[in-house]
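Below is one structure; the comments refer to it alone.
The values are calculated or read from the model by the stated rules, or taken from the named source; none is laboratory data. It should be emphasised that the depicted structure is a prediction, and the values quoted were computed from it without experimental measurement. All Cβ positions, glycine included, derive from the backbone under ideal geometry; neighbour counts span all protein chains shown. Only protein heavy atoms, including side chains, enter the accessible area calculation; ligands, DNA and RNA are left aside. Shrake-Rupley method; radii C 1.70, N 1.55, O 1.52, S 1.80 Å.
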Amino acid sequence: MTTPAGLPERLTALVRTLRAHGMRIGPAETLDAARVLEILGLADREQVRAGLAAALLHTEGQRAVFDPVFDVYFPLGVGAPESARPAGDAPPGDVRAWLRDRLADALAANDRAALTRLAAEAVDALGQYGNSPATDGWSAHQTLDRLRPETLLARVRTATQGSGGGSGGTGRGGGSGGFTDRLEADEIRRRIEDFRERVRTEARRRVAERRGADQVARRGLAPTADRVDFLVAGRAQLAELRRTVHPLARKLATRLAARRKRAARGHIDLRRTLRGSLSTGGVPIRPVLRRRRPVRPEIVLLCDVSGSVAGFAHFTMLLVQALSDQFSKVRVFAFVNRADEVTRLVTAGTADPEGLSARILREAAVTGWHGSSDYGSALAEFADRHRDAIGPRTSVFVLGDARTNGGDPNLDALRLIRARARRVHWLNPEQPSSWGTGDSAALRYAEVVPMHACRNVQQLSALIARLLPV
């Protein structure tokens, strides 16, 4: 491991970047990390990684962010390693085939040191792009697209079986289609994915040297699940978010309970306080509070479940349902161009959230003559058919991007909902700069009810903790 110049500065930059990615790291953890470096030294890089992770992190899930940030600030080396110069050894014009041959051998032998060297060579030979210092760099995607390590699976299996074994005793030649063969194939796929991650790490290291470690560590790494925009989250990220519903609900329930306890104390009753101060010459020594009656509010969710906003709506449905014991009643309505109650589907979906979207579209009357969202029609149907769900204790939350597909936004229906409810809030998963562009009626709706940007779980949890009534 190469000793970095300005080690204290590099450690504080690492901590600063981890904080920018949403991790809570205070001065005490930073001092612990400095002590770790003092005790361990820099001879064993993986030991340093483990020590800093133990000092700075609070949960195992944070390692997914910590590891690539650590690789940027504490890289394996500087510049192109000497081994990453294959041109003199490789056959002319056939660097790719030469690298693939060596990669297949390294994968079959599970030689981790060789895989690290090959990742550096592959990035250096196949991943460079641009033709000027201002635009050039190294791309892991380009490297892997040209090298295509996943196509080596059959070749590596043959080599593994021919050698009489694989990692952990899974390779036993002669069988086909059996349990042992599947284990062997899974092990090789794991090695290939490990190599792909080494290529990504090497590409980030090279780019960080050119562009700066701070820029790459903050912008070139995938955000944590709670910071992924709902509108661009993939299926795997949405599944990870759904797994966080109940832990997040427990945190929010604690905050709501604390707010409810504070609110129950009531406000100062000025008349009774001044009256009681007569015994002390008009000095109010003992404030008299006007106690609140503890009445739990009702919640109504009105959710657009069409297109890309469906993931945002479904996550919020599950989260509020998990908080249902904090309120006297929770009712959930979904719409595309028609509005229908889906409370029972959401309640059943807390046990199996994966299929919630399909169940709502299949069993609820949320679409009419077409499948595109129509906020005007949906708001009108909700205000007409389901107005009994709204009362003076009801807080209504509308979830959607407010894109009407050119239809009438029907502001009057929203005004009617606002007039009947205790309060109405609109949570919009689009960034505010997009409100009012194209077919968005967000700015027009914002004239009727407060509209809040809610692009990720972090913003959603903050809004729920602040906006939900107590």
Run the paramagnetic zone check for residue 76: 7 angstrom along Cα to Cβ, then residues of the stretch 183-200 with backbone nitrogen under 20 Å. 188-200
Pull out the extension gain between residue 467 and residue 244, defined as 0.36 nm times the separation in residues minus the alpha carbon to alpha carbon distance; nm, one decimal. 78.2 nm
Please give, to one decimal in nm, the separation of the simple spin-label points placed at residue 211 and residue 387, each 7 Å out from Cα toward the Cβ. 5.6
Could you work out how far apart the two model spin labels at residue 255 and residue 236 are, taking each label as a point 7 Å from the Cα in the direction of the beta carbon, and quote it in nm? 2.9
Mean Cβ count within 10 Å, highest first, over the residues of peptides 279-285, 27-33: 27-33, 279-285
Residue-span extension gain [residue 439 to residue 358] - 0.36 nm each, minus C-alpha spacing: 26.5 nm
Can you give me the relative contact order of the chain as a percent, contacts being Cα pairs under 8 Å and 6 or more apart? 11
Share of carbon and sulfur in the accessible heavy-atom surface of the chain [1.4 Å probe, %]: 51
Coordinate range along principal axes, alpha carbons of the stretch 404-470, Å, largest first: 34, 29, 15
Between residue 347 and residue 9, with labels modelled 7 Å along Cα→Cβ, what's the label distance in nm to one decimal, could you check? 6.1
Given R₀ = 56 Å, FRET efficiency for residue 46-residue 279 by Cβ-Cβ distance, to 0.05? 0.15
Determine the percent antiparallel among the DSSP beta bridges restricted to the chain, to the nearest 5. 30
Please give the length that would be gained between residue 408 and residue 39 if that part of the chain were fully extended, namely 0.36 nm times their separation in residues minus their C-alpha to C-alpha distance (nm, one decimal). 126.1 nm
Pick the calculated semi-axes √(5λ) of the Cα gyration tensor in Å for this structure from (i) 53, 31, 22; (ii) 47, 31, 28; (iii) 35, 26, 19? (i)
Before I look further, what does the chain give for accessible area per residue, probe 1.4 Å, in whole square angstrom? 50
Packing rank of 203-212, 225-234, where each peptide gets the mean count of other beta carbons within 10 Å, highest leading: 203-212, 225-234
Report the charge-dipole magnitude of the chain in Debye, nearest 20, computed about the Cα centre from +1 at each Lys and Arg Cβ and -1 at each Asp and Glu Cβ. 3020
